[in-house]
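Everything below concerns the one structure shown next.
Values quoted throughout were computed directly from the atomic coordinates according to the rules given, and no laboratory measurement underlies them. All values derive from a computational prediction rather than experimental measurement. Glycine also receives a Cβ, built like all others from the backbone with ideal geometry; neighbour counts cover every protein chain displayed.
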Amino acid sequence: MIYDYIKNNFKNGEPIFLSELPGESKDYLRQEMKRLVDEGKLERLYNGVYYLKYTTILGTKGKISIDLYLEKKYITVSGNSSGYITGLGLANRLGFTTQNASCYEICSNEATTKQRKQVVDGYTIVVYQPVAHVTEANKTALQFLDLMSNIDKYSEISGTERTLKLKKYIESVNLNFDEVKKYLPLYPDKVYRNIYEGGLMSELV
């Protein structure tokens, strides 16, 4: 039974895509998922995406995990690296700003247009096409270059403090500067300046 499979393989709040479910007939799967929604066992986020119905420890209706949705839809697709967080959200996660992003910004191979804005379960998501196809080998380099293209706009720190934080970030992701040099020409000239001002130019030579 498909519901038993879902209960055994998916967590509360985890998005369930039809492509993840066993069965050769998509029409049959859609009918089964509709039945489970009608029975109150599943919630439908939108056509083709569902999640288990559950109640939180506070007694409120459980919602989908937006982080898991972004991970499965755009960042790691079918086990392969396909995208990464970018923009103000990235700067905030890395501690360069205390400002919270009003939306989630993602660069992903799954993007079908240069930039697309959508609202999912009340969350605003902006998905960009990356400057190059994202792979496991280059995703940290592309994410770093995205950061350096916006750091002068988002960072609330400067000078030595910014340099130390950048170097800590580079160490934490084991950044490959050979990959950085490969994709650097695809970015605006200001990225060179931001890398220089960040005390990282020696890494590029």
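Straight distance only, please: which aspartates and glutamates reach the Cα of LYS53 with their own Cα at less than 15 Å, same-chain residues fewer than 8 apart left out?
Partners within reach: ASP4, GLU14, ASP38, GLU39, GLU43, ASP121.
Would you please give the residues with an amide H less than 5 Å from that of LEU42, counting only those at least 5 places away or on a separate chain, with H modeled from the backbone geometry?
Amide H neighbours of LEU42, under 5 Å, 5+ apart: VAL37, LYS53.
Past 28 Å, Cα to Cα, is the threshold; run LYS7/LYS34; LYS11/LYS182; LYS73/LYS165; LYS7/LYS114 against it and keep the listed order.
Correct reply: LYS11/LYS182; LYS73/LYS165; LYS7/LYS114.
Could you work out how far apart the two model spin labels at MET1 and GLN31 are, taking each label as a point 7 Å from the Cα in the direction of the beta carbon, and quote it in nm?
1.8
Rg(Cα) of the chain divided by 2.2 N^0.38 Å?
Rounded to two decimals, the normalised Rg is 1.21.
Work from the charge dipole of the chain (Cβ charges, +1 for Lys and Arg, -1 for Asp and Glu, about the Cα centre) and give the residue of TYR183, ASN9, GLY122 farthest towards its positive end.
Value: GLY122.
Return the long-range amide H neighbours of VAL77 (sequence gap of 5 or more, or a different chain), with a cut-off of under 5 Å between placed amide H atoms.
When sequence neighbours closer than 5 places are left aside, the close amide H contacts are SER82.
Local charge sum around VAL77 (other residues, Cβ-Cβ under 14 Å, Lys/Arg +1, Asp/Glu -1)?
Here the charged neighbours net out to -1.
Mark the label point 7 Å from the Cα of GLU110 along Cα→Cβ and return the residues of the stretch 23-56 whose backbone N is within less than 12 Å of it.
Backbone N within reach: 49-50.
How big is the charge dipole of the chain about its Cα centre, in debye rounded to the nearest 20, if each Lys and Arg gets +1 on its Cβ and each Asp and Glu gets -1 on its Cβ? Display every interim value, and only then the final one.
Numbers: 27 positive and 25 negative charges, 77 e Å.
Here the chain has a charge dipole of around 360 debye.
Along the Cα→Cβ direction, 7 angstrom out, place labels at ASN100 and LEU68. What is the inter-label distance in nm?
Placing both labels 7 Å beyond Cα along the Cβ direction yields 2.2 nm.
Using a 10 Å cut-off on Cβ atoms, rank the peptides 2-8, 127-133 from the highest mean neighbour count down.
127-133, 2-8
Given the stretch 2-52, report the % of alpha carbon pairs whose separation exceeds 13 Å.
Tail fraction, whole percent: 51.
Calculate, for ASN47 and GLU24, the FRET efficiency according to 1/(1 + (r/R0)^6) with r their C-beta to C-beta distance and R0 30 Å; round to the nearest 0.05.
0.95
Amide H to amide H, which residues 5 or more places from GLU105 or on other chains are under 5 Å from it, using H placed in the peptide plane?
It is THR86, GLY89, VAL126, by chain and number.
Tell me, how many Å apart are the Cα centres for the stretch 44-113 and for the stretch 133-179?
Cα centroid of the stretch 44-113 versus Cα centroid of the stretch 133-179: 21 Å apart.
Please grab the % of Cα pairs in the stretch 39-111 that end up more than 16 Å from each other.
Of the Cα pairs, 62 percent sit more than 16 Å apart.
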